[in-house]
Amino acid sequence: MTLRRYILIGIPVACMLAIIISLVISKPKGETKSKKENTAPVQPLQHVPGSGTDTVTQTVQGLTMPSYDKQGQEVVIMRGQNTFLLNDNLYKIVTPEIEVMDYTHSEQGTQSVFITAKEGEMNSTSDEGFLSDNVVVQFDPDTRLHTDHLRYLPEKKLVCTDEPVTIHGKGIKIVGQGCEIDLTNKKMWIKKDVEMEMDGIQNDLFFLSQDSALQTPQVQENNTLSPSKTGTQEVAREKTFIRSGGQLTFDRQPEANIMTFNDNVEARKGSSTVFSDKLVIFLDPQTKQTKQAIASGNVLASQGTKIAKGSFLTWDVNTQSAILEDNQKAEFVKDDLNIDAQKIIFYKDTGKIDIPSPGSLKAKLREKAGKKNAAAVAGKADNNVTVTWEGKMNFLDNTREASFEKNIEVQRENSTLLCDNLNVTFNDRDYNIQSLKATDKIHIIDKRDNLFSEAVGDRATWDAKNKVTILRGQPFALLREGNRRQILVPRVFFYEDGKTVLCEGKGSLYDRGEGKFPNQSTEETDLKVNWTKKMLYYDTLRKVSFYEEAEATRGGQKLQGDQIDAYLGNDKNIHKIIATGNVHFSSKRLENSEGFGSLFTWDLVQDSALLTGNPKAELRKEGSRTFSEKVYFNMAENQVTWEGRPHWQIMSSGTTRTDK
């Protein structure tokens, strides 16, 4: 009788031990059960309900069977209300309870996992075991797995089920279809159709900062607000939902519990959603809170008007940051702001964006109210600005400023700004640009049919509100049109309407001539204009005005006046000059003739001029002077003529310009 009893007990115990050990994937703390073997007395044969035609050959009540490892430590305890042997090959246990212990972390005490079910059985022929009817795997006091059927495959060291499974944990619920547990590697898979619900936690899974307009307070189950550490009331956080079409893998490591979602993954929290091919979440083994999460493969994240695209999106809870990466181009979009780069780092708490690699940014210039629709009706080009860089880019939300470094290019409509350092300020309410400030190696390229095509300086400011760009140089900024025209001036204002350019301060303009006339070299037709106050260019009129002590020289001619206006033709060459106020003209080619008056019109194409005065103009020539209503200077034919009766007066050596 004793030998038969040990055979009866030993076979199911050995089988169930294999099932229990294979279920270990977590190590919660638990108290060590008694190591004393306590086997209930053998009862008479009886019929087991639901056993069909199987014959019960033996039964044991109140079974408690411990098992020990080589060091003599208790590793498995099996308990059961009743154990039955059917036809010597099938063993059934009513209301089994299995406890599995692990001493890997001995300083933390014994780790236990409890498996319970209404029924359990073991087939000695097929060497397969089964737990059925309300199977529960208790990993720790807060974590349980529920299913209706669990199968054990000892050769593969695997337990599995094709039935639906549900996992309840601290602030977490997971449901899916089918489950496998790898006994060797201590991994678990939910096979497909996974859905996970996670309570709101301080370590936010999402990198996108919450939009205040989208936040909706949620009340906890007891309809109260949870107190924060400071004693103030804190609104319950929104839940996180994750679903995937493929496997969910659990991998327990000493540093973290790892969950991997596969195939058509969708993670959602409030207004935030992330789609990807794969999502890996690292949980703290103690707090069960998210430490890090990595979405990979066709990543698309959105929250309100914010959209992020890339190959990888990594959240780091400790730094409250996220890294968006793509070997080609990761993209971030917010309203009218678009950022492209291989790597973009977002810091949620500080509202900072770092881009340590080359990239591009697209935004809009701020427009005044009422002008946006008018521009659209007029069919004008949009107000987009594109910034590209080869160094790095940083953005601070609290100051609404972005900085760029190295080989920067700013494009807007027909203008391009090149520099090595750039600061951009955005609107307080959106990402429309208010201003740009550029320094180091500034080069502006203007593709419009304008007075100039390039500008070079030391500092440039783009004021979107006032629609003007200011270029400064030390000592001068330079404007040029190829190799035929250049302007030197300390400060230049480029107005955004594209119709006005203002040069402030003392400056000069040099315009290369074409040497069209016989016996004239290019140098003889070159034009140079100096001024002391300002120069103003009107694109609509193709007019350039020079103010205060203006002086124009061409070949052997010199023209001075309070103001000089130059007019450009369709070929953008200066064809005509008009001087007003205290006009003085002198020509070496015309025998050093001089003219004084109030208005001087010079046709540079014909190389002739007309001088008038108020009331009369004065002509001085060969030590004599005369007064006339009109004086004509024909430099092309070396002639001076006048209208009206001249009255020649021989000038003494003391005669000056004020003697008119």
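For the condition of a type in the set (Val, Ile, Thr), modelled with pLDDT under 90 and closer than 19 Å to residue 268 by Cβ, residue 305 qualifies.
Kindly indicate whether residue 292 is over 25 Å from residue 360 (Cβ atoms), open to solvent by 50 Å² or more (accessible area, probe 1.4 Å), in a strand (DSSP E or B) and in contact (Cβ under 8 Å) with a residue 12 or more places away in the chain. Considered against the rule, which asks whether it is over 25 Å from residue 360 (Cβ atoms), open to solvent by 50 Å² or more (accessible area, probe 1.4 Å), in a strand (DSSP E or B) and in contact (Cβ under 8 Å) with a residue 12 or more places away in the chain, residue 292 comes out as yes. Among the residues of region 300-318, are any in contact with a helix residue (DSSP H, G or I) (Cβ under 7 Å, 6 or more places away or on another chain) and either more than 30 Å from residue 141 (Cβ to Cβ) or acidic (Asp, Glu) (or both)? Checked against the condition, which is being in contact with a helix residue (DSSP H, G or I) (Cβ under 7 Å, 6 or more places away or on another chain) and either more than 30 Å from residue 141 (Cβ to Cβ) or acidic (Asp, Glu) (or both), region 300-318 yields at least one hit. Of all residues in region 396-414, those that are within 16 Å of residue 348 (Cα to Cα) have Cβ atoms under 8 Å from Cβ atoms of residues that are of a type in the set (Ser, Thr, Tyr) and open to solvent by 40 Å² or more (accessible area, probe 1.4 Å), 6 or more apart or on another chain, in 396/350; 397/350; 398/350.
Scanning region 625-645 for residues being assigned to a loop (DSSP other than H, G, I, E, B) and open to solvent by 40 Å² or more (accessible area, probe 1.4 Å) gives a total of 5. Among residues of region 540-553 that are in contact (Cβ under 8 Å) with a residue 40 or more places away in the chain, those with a Cβ under 7 angstrom from a residue that is among the hydroxyl-bearing types (Ser, Thr, Tyr), sequence gap 6+ or separate chain, pair up as 544/537.
Anything in region 447-467 that is within 22 Å of residue 573 (Cβ to Cβ) and surrounded by 20 or more Cβ atoms within 10 Å (Cβ to Cβ)? List them, or say none. 450, 451, 452, 455, listed by residue number. For region 336-361, the set of residues classified as of a type in the set (Asp, Glu) and closer than 16 Å to residue 386 by Cβ consists of 336, 340, listed by residue number.
For region 125-153, filtering for residues that are surrounded by fewer than 16 Cβ atoms within 10 Å (Cβ to Cβ) and at pLDDT below 75 leaves 1.
The residues in region 298-327 that are open to solvent by 40 Å² or more (accessible area, probe 1.4 Å) and not in a strand (DSSP E or B) can be counted, and the count is 4.
The values are calculated or read from the model by the stated rules, or taken from the named source; none is laboratory data. These figures come from a predicted structure and were not determined experimentally. As a convention, Cβ positions derive from the backbone with ideal geometry for all residues, glycine included, and neighbour counts pool all protein chains shown. In case anyone asks, the SASA skips ligands and DNA or RNA and just uses the protein heavy atoms, side chains included. Shrake-Rupley method; radii C 1.70, N 1.55, O 1.52, S 1.80 Å.
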